[in-house]
1. Within 10 Å of each residue's Cβ, count the other Cβ atoms and sort A:Met250, A:Met180 from fewest upward.
2. On a 0 to 90 degree scale, rounded to 10, what angle separates helix A:196-205 from the longest Cα axis of chain A?
3. Taking a cut-off of 16 Å between Cα atoms, list the aspartates and glutamates near A:Lys113, but don't count ones fewer than 8 places away on the same chain.
4. Size of the dipole of chain B about the Cα centre, Lys and Arg at +1 and Asp and Glu at -1 on the beta carbon, nothing else charged, in debye to 20?
5. Could you line up A:Trp280, A:Trp108 from fewest to most neighbouring Cβ atoms inside 10 Å?
6. Sorted from fewest to most neighbouring beta carbons within 10 Å, what does the list A:Met202, A:Met31 look like?
7. Treating only the Cβ of Lys, Arg, Asp and Glu as charged (+1, +1, -1, -1), what charge dipole size does segment A:209-294 show about its Cα centre? Round to the nearest 20 debye.
8. Which angle between 0 and 90 degrees, to the nearest 10, do you get for helix B:8-19 versus the longest principal axis of chain B when only C-alpha atoms count?
Amino acid sequence: MPTAHLSDRGVVKVSGEDARRFLDGLLTCDMDRVAPSAPRFGALLTPQGKILFDFIIFEAPAEIGGGFFLDCLKVFAPDLVKRLTFYKLRAKVAIEDLSEALAVVAGWGETPKPQDEIGLVAADPRLARLGWRAIVAKEDAAGFAQARLDAYHAHRIALGVPEGGKDFLFNTAFPHEALMDQLHGVDFDKGCYVGQEVVSRMQHRGTARTRLVPVNYEGGFAAEPGTEVTAGDRSIGTVGTGANGRGLVMIRLDRAADALAAGETIRAGGIPVSFEKPDWVAFPFPGEAAKATAD
Amino acid sequence: MTDIVLTERAARRIKEIMAGEPEGSALRISVEGGGCSGFQYAFEIDRTRQDDDLVVERDGARVLVDPVSVQYMSGSTIDFVDDLIGQSFKVQNPQATMSCGCGTSFSI
C-alpha cells in the first residue's frame, strides 16, 4: 500500500477571473471539464504542435480561493511560468511558481485516497490504475513517503505511461507520440489552442507513426535512457525510462513491425526487447496481427 | 510605431455595423494569448474609448486598439474579406511569422 512524495514535481498556480478562459485558449485539454476533484491531463505545445510542458491540472474550489494548480516537472516550472506569462498580455490572471510551498504526492495499489477538504486530490486523470494524486503543503509531504520516488516511476513504467522530460525531451515530441491521445490528454472536440491544427491533422489523418511503447528487456535490466533502439543495423528509435526489466521506447511503429515481420531482433541500448501492448492502448502494435479490415 | 491602417472595405463594413449601434460606438481590436498559433485577435464593439487607446479612423469608421495590443500589431492593415470561409475582418500583420488556416491566430 505505497505512497510517495513525487519530489521531481513542482506546482504552478494560475488564478484570476480570466484564468479558465486564458488556459483554455492555450492548452490541449478542455478547461470546462476541469473541476475541483476532477483534474485533467494536458500540455502546452509550440505552434508547430510539439510538447513544451505536460502537466496535470487541478482546480481549487472557490471556498479556498479557487485557481488552477499545474502539477508539472519541477525543474521546468520556472520556464512554464515564463511561457504562460508570454501569452498573458492583458488577461486578468496571476501566474506563480509555488514549487517551494507545495508538493505533489501519489498513492497506488490498495492505498486509500486521503480525506481532503480542499479538493486537490483525485484519481490520476491519465489512467486510474496509476492511483491517486494530490497537491499538499510541502511540510505535509513527509506523511506520504512510504515509498521512494523510484518506486512510483517503476509503477508508472510497468503500466506503460510515459512522462515528459523523462521519456522524451520537451520540444521534440507530438502529443500522439507521447500517447497523450490515449491518456485523455487532448480534447479533440474543444476549440483552438496553441498547436491545435497540427494535432488535429495527425488525429484525423492517422499519421502518428512514431510512438512511445512499453517493452520487456531480456535479462531483466533496462537500457540507459537516450540510447538507440535498433533493428538489424538500422536505428528505429530512442530509449526512454526503465525499471525492473520494463521500459518505454520511442519508436517508428512501421519500422518495428517490418523488422518483426522479417524475423529481426529489436534491441534497445543493445539489449533484446519484446513489445507488450497495454490494454488501454488503441492503436495497432508492432507484431500484432493486422486487424481484418472492413469488407 | 503605431501605424495601423484600415482598408476602404474595412472602413465601409465598420460603418455598416456601427449604423445599428449606439452613437459613438467603435470596433475594438485586441490581441490575446491563445489560438492555434499562440496569439489571436478579438473583435468587439465598444462605446468607451480609453485614454491610452490608439484610435484609427478612415471615412468616418473608428477602430480602437489598446497599447499592449498595439505592440503586437504595429504595421498592420485591417481588411474586410468575403470568401468561402465566410465574411470577416482580416489583420495583415507584418510581425506575424505564421498564422493558422482560418487566419484568426498568429505567431510572432
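The numbers here are math on the coordinates, done by the rules we state, and not lab data. Remember, it's a predicted structure, so these values are computed and weren't measured experimentally. We place every Cβ from the backbone using ideal geometry, glycine too, and count neighbours over all the protein chains shown.
1. A:Met250, A:Met180
2. Tilt of helix A:196-205: around 40 degrees.
3. The qualifying aspartates and glutamates are A:Asp124, A:Asp140.
4. Here the size comes out at about 200 debye.
5. Ranked by crowding around the Cβ, least crowded first: A:Trp280, A:Trp108.
6. A:Met202, A:Met31
7. It works out to roughly 220 debye.
8. So the helix axis and the longest Cα principal axis differ by about 50 degrees.
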